[in-house]
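Here the structure comes first, spelled out in structure tokens, and everything after it is commentary.
The values are calculated or read from the model by the stated rules, or taken from the named source; none is laboratory data. In this text the structure is predicted, and so the values were computed from the model without any measurement. FYI the Cβ positions are ideal-geometry reconstructions off the backbone, even for glycines, and counts take in every protein chain you see. The accessibility values were calculated without ligands, DNA or RNA, using every heavy atom of the protein model including side chains. Shrake-Rupley method; radii C 1.70, N 1.55, O 1.52, S 1.80 Å.
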Amino acid sequence: VDASATHAQLESGEFFGRAVTVRRVAGLVLVDSLHGGGLRVPRHHHEHAYLSLIRNGSFVETYGRRRRVAVPGMLLVNPPGEEHSEHMDAHPVSSLNIELDSVWLRQLFEAGSPLDRSAHLRDQQIVFLGERLLREVTRRDADSALAIETLTSEILYAALGRRHCPPDRAMPRWLREVADLIDGTLAHPPGLAALAREAGVHPVHFAVVFRRYYGCSLGEYSRRRRLDAARQRIADASISLSRIALDLGFADQSHFTRTFKRFTGMTPQQYRTFLAFKTR
């Protein structure tokens with residue numbers, strides 16, 4: 001949205017500045033935006049609640065009768081409908097904005113953490129999660145969508161102060177069952193909400209407990225398992241690479257090749273040739 005124009009309300013997915021990357025996933029709109037140095041953003045409000053992780057640059061934001069200085073590494077929490085304006089400093093400002101729809105707000109409310117007031121915080125864990133989230137925004141595979149959901153849930157969990165889960169001495173049974181379900185649906189993995197319903201737990205709790213036991217997000221786990229399955233099938237020379245791509249839910253063989261090479265350093269054909277040479 002052009003900052004020279006005044007909009008009383010910005011609709012879904014609209015942010016001032018230049019949108020470098022936009023991704024829509026499961027009720028989320030993620031916008032990696034860039035603002036010019038010295039830019040003044042007029043008073044406005046957003047239809048939906050959103051988080052804004054400041055990556056570079058700083059600015060002063062006025063919201064209601066209060067002011068805050070946003071700096072790199074800070075997460076801003078903005079409820080829907082709150083009026084605010086911004087004045088960028090002399091350097092360009094880049095931020096990752098995460099817009100939440102009504103379903104996400106309802107889930108937060110049900111979890112006892114309604115997003116009903118502004119907040120800002122600096123937390124290294126949130127910065128770490130935000131960096132991973134930005135990488136996933138630029139990817140276009142099925143697992144990136146799942147990773148975006150779970151990473152957003154973890155950021156919300158940290159931002160709203162729910163920093164601990166009830167201690168469990170052993171991995172919960174529902175978590176083991178969900179992992180088996182993911183392994184059985186690699187071509188079309190269920191979304192976070194569906195998996196949480198299957199487990200009988202809240203989606204945010206699901207995302208946090210999953211990382212605690214598996215050391216990664218749900219989307220990252222799904223991608224690893226898909227690549228593991230691909231490696232096993234590539235070893236069988238009787239199965240065509242196009243069939244493997246189809247069976248594992250890749251858009252086509254080209255998508256399969258790009259994804260496999262990004263995470264293994266070899267194309268599927270190169271890996272198959274390597275395995276054949278290794279077994280001679």
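At full extension, Glu82 and Arg67 could sit 4.1 nm farther apart than now, given 0.36 nm per residue minus the alpha carbon distance. Extension gain for Gln125-Asp247 works out to 40.3 nm (0.36 nm per residue, less the C-alpha to C-alpha distance). The simple Förster model, with R0 at 22 Å and r as the Cβ-Cβ distance, assigns Asp101 and Asn56 a FRET efficiency of 0.20. Working note: Debye formula, equal point scatterers on the alpha-carbon atoms of the range 83-217, no solvent; log10 I(q)/I(0) at q = 0.12, 0.22 Å⁻¹ is -0.53, -1.62.
Taking 7 Å steps out from each Cα toward its Cβ at Arg176 and Ser254 produces label points 4.4 nm apart. Solvent-accessible area per residue in the chain equals 49 Å², computed with a 1.4 angstrom probe and all protein chains kept.
In degrees, nearest 10, range 0 to 90: what is the angle between the Cα axis of helix 173-183 and the longest Cα principal axis of the chain? Once rounded, the angle reads 70 degrees. Taking packing as the residue-averaged number of other Cβ atoms within 10 angstrom, the listed peptides 90-101, 115-126 run from highest to lowest as 90-101, 115-126.
Reducing the range 46-111 and the range 189-230 to their Cα centroids gives an inter-centroid distance of 27 Å.
The P(r) of the range 203-280 has a tail past 20 Å containing 38 percent of all C-alpha pairs. Between beta-carbons, use under 14 Å as the cut-off and find the net charge around Phe128, counting Lys and Arg +1, Asp and Glu -1. Combined, the nearby Lys, Arg, Asp and Glu give 0. Modelled this way, with points 7 Å down the Cα-to-C-beta line, the labels at Phe274 and Ser12 are 4.3 nm from one another.
Report, in degrees rounded to the nearest 10, the 0 to 90 angle that the Cα long axis of helix 253-264 makes with the longest principal axis of the chain. So the helix axis and the longest Cα principal axis differ by about 80 degrees.
Note on the chain: GNM, Cα springs under 10 Å; of Arg65, Arg231, Arg258, the largest mean-square fluctuation is that of Arg65.
Expressed as a whole percent, the accessible area of the range 65-193 that falls on carbon and sulfur atoms is 52 (1.4 Å probe). Sequence-distant contacts, meaning Cα pairs under 8 Å at least 6 residues apart, place the relative contact order of the chain at 13 percent. The accessible area of Phe263, taken with all protein chains in place and a 1.4 Å probe, comes to roughly 80 Å². Go through the range 189-196 residue by residue and turn each phi into a ³J(HN,Hα) via Karplus (6.51, -1.76, 1.60, θ = phi - 60°); whole Hz please, and just put x for glycine and proline. Result, ordered by residue: x, x, x, 4, 4, 5, 5, 5 Hz.
Helix 124-137 axis versus longest C-alpha principal axis of the chain: approximately 60°, rounded to the nearest ten. Largest accessible area first, the residues Arg40, Arg135 order themselves as Arg40, Arg135 under a 1.4 Å probe with ligands, DNA and RNA left out.
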